[in-house]
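The values are calculated or read from the model by the stated rules, or taken from the named source; none is laboratory data. Values in this document were obtained by computation on a predicted structure and should not be read as measured data. Positions of Cβ are generated from backbone atoms using ideal geometry, with glycine treated the same way; all protein chains shown enter the neighbour counts. Calculation scope for accessible area: heavy atoms of the full protein, side chains included, ligands and nucleic acids excluded. Shrake-Rupley method; radii C 1.70, N 1.55, O 1.52, S 1.80 Å.
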There are 2 protein chains.
Amino acid sequence: MPKTPPGQTRNRVFRFVRDCLLRGDSPSLREVQRRFGFRAVETVRAHLTALVEEGRLVKEPGRARGYRLPKRFSSPAPDWSTGRLQPVPLLGEVAAGGFEEAIENPEGNLPVEIPDSRDLSDYFALRVRGESMSGAGILPGDTVIVERRGTPVSGQIVVALLEEEATVKRLHLGKDGMELRPENPDFDTLRPPPGSCRILGRVVELRRQLR
Amino acid sequence: MPKTPPGQTRNRVFRFVRDCLLRGDSPSLREVQRRFGFRAVETVRAHLTALVEEGRLVKEPGRARGYRLPKRFSSPAPDWSTGRLQPVPLLGEVAAGGFEEAIENPEGNLPVEIPDSRDLSDYFALRVRGESMSGAGILPGDTVIVERRGTPVSGQIVVALLEEEATVKRLHLGKDGMELRPENPDFDTLRPPPGSCRILGRVVELRRQLR
DNA sequence: CAGCATAACAGACATTTGTCTGGTATGCCA
DNA sequence: TGGCATACCAGACAAATGTCTGTTATGCTG
């Protein structure tokens, strides 16, 4: 019965459970027990209930493997809208060939957090081609996550479908109609005639891999 | 005993379980049962074992709440390195105040895919402050995901700790020592004297919210 | 010292959860 | 018509997991 200084084992238990939970894998009492070589399950339970009382853990009662991290742990950031993590289909570059078909055959899925109020089918992702938005920090090869819903608002960065080709531009709605403005002086503003252009959605997130 | 067309219920069950798992919360058979109003647990088990056989789910045997998503699910795209989805701690901006303490008290966590060969503790995230890297498409407010491991390589974008302050710059190693080059003509290259600067890691991913 | 809190053990017990075996109904197809 | 597969139900059972009650030891403190 080796007795350790107060709080020391408790901390080690906490770190272990926390790491499990961050891996998305709630441990059972007996798993923790084995890990630390305790000879009684109750020892673990005492530690965990203590950790819950201290507010360092949260428990869903009446449920196997019910220990969780308190909310502040899993909420990504203050301004990040808390939502569900959902697999958003990545459609590739969607050049000529059809947008609708691409929806059916995505290249893969991206784990993206979307608000609770929205539906997964409102989102898709595209890879950016071309330099036309580099002034806005959107570079070729980046992936943009697009939300379909809502009326297009002037000033937003949108994905527009022009002659079976998807492009990322900043939308401007004026009295002369719609303008799609690049953010790069080497490119020209597009003024598509009414009916020839469809706004697929607005860009809500950008991701870039630098590996 | 309402019989549904083949595969239809199966798909609905799959989507439900998948969404649970993406939320990091493996459901029990009886939870799925209640959700769909089945009157037998076995019905659920039949569906789930079928889904495992189809390769759409994976199961850890001899374990409560042991259903998981197969790896490929979280691999977004061909060139995206296949890896686990892990909650990487977001440390905020890490200005003066200490880097080590920030590790212990993250602002939140970001779901990020990291290679199987790496450890979660090798990664952290930071919010970018300042315009010094805007030429590389890294803007203020962006979040960079940083990998600690490995020797710094010339030409990579890194996070450096200079006088208790973290900065993102492009690293250049020459015969005159280390240079930290901004990617914006308005800023000057830094040449920190040896010992006064620590490279925390290299930027492997960038995320930006535009909501 | 007595009193008290903490750390740990021991084992019984209850609940949750997964597994099994067998049955009913429906549609498809040779 | 008779298999045969699929969808589903029913209930028993076993394994995993959480809960409880009681005990021993250690250190601190008045």
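Within the stretch A:160-177, how many residues are more than 12 Å from every other protein chain (Cβ to nearest Cβ) and either open to solvent by less than 50 Å² (accessible area, probe 1.4 Å) or in contact with a Ser or Thr (Cβ under 9 Å, 6 or more places away or on another chain) (or both)?
12
Please find, among B:LEU139, B:LEU206, the residue that is surrounded by 21 or more Cβ atoms within 10 Å (Cβ to Cβ), under 27 Å from A:VAL144 (Cβ atoms) and modelled with pLDDT of 90 or more.
The unique qualifying residue is B:LEU206.
Which residue pairs have Cβ atoms closer than 7 Å, lie 6 or more positions apart in sequence or on different chains, and pair a first residue in the stretch B:13-25 that is in contact (Cβ under 8 Å) with a residue 40 or more places away in the chain with a second residue that is in a loop (DSSP other than H, G, I, E, B)?
Short answer, once both residue conditions are applied: B:PHE14/B:ARG56; B:VAL17/B:PRO27; B:VAL17/B:LEU57; B:ARG18/B:LEU69; B:LEU21/B:LEU69.
Go through (1) over 23 Å from the mean Cα position of the chain (by Cα); (2) surrounded by 15 or more Cβ atoms within 10 Å (Cβ to Cβ) one by one and return the number of the condition A:GLY155 breaks.
(2)
Give the stretch B:5-58 a look and list any residue that's on the phi > 0 side of the Ramachandran plot and either of a type in the set (Ser, Thr, Tyr) or within 13 Å of DNA strand C (Cβ to nearest atom) (or both), or say none.
Correct list: B:GLY7 only.
Do you know which residues across the stretch A:33-43 are near DNA strand D (Cβ under 8 Å from one of its atoms) and open to solvent by less than 50 Å² (accessible area, probe 1.4 Å)? Please lay out each step first, then the result.
Of the stretch A:33-43, the ones near DNA strand D (Cβ under 8 Å from one of its atoms) are A:40-42.
Correct list: A:ALA40, A:VAL41.
Residue under question is A:PRO70, and the condition is that it be surrounded by fewer than 17 Cβ atoms within 10 Å (Cβ to Cβ), over 26 Å from B:ARG30 (Cβ atoms), within 16 Å of DNA strand D (Cβ to nearest atom) and modelled with pLDDT under 85; does it hold?
On the way: surrounded by fewer than 17 Cβ atoms within 10 Å (Cβ to Cβ): yes; over 26 Å from B:ARG30 (Cβ atoms): yes; within 16 Å of DNA strand D (Cβ to nearest atom): no; modelled with pLDDT under 85: yes.
No, not satisfied.
Given the structure, is A:LEU162 among the hydrophobic types (A, V, I, L, M, F, W, C) and modelled with pLDDT under 90?
In short, yes.
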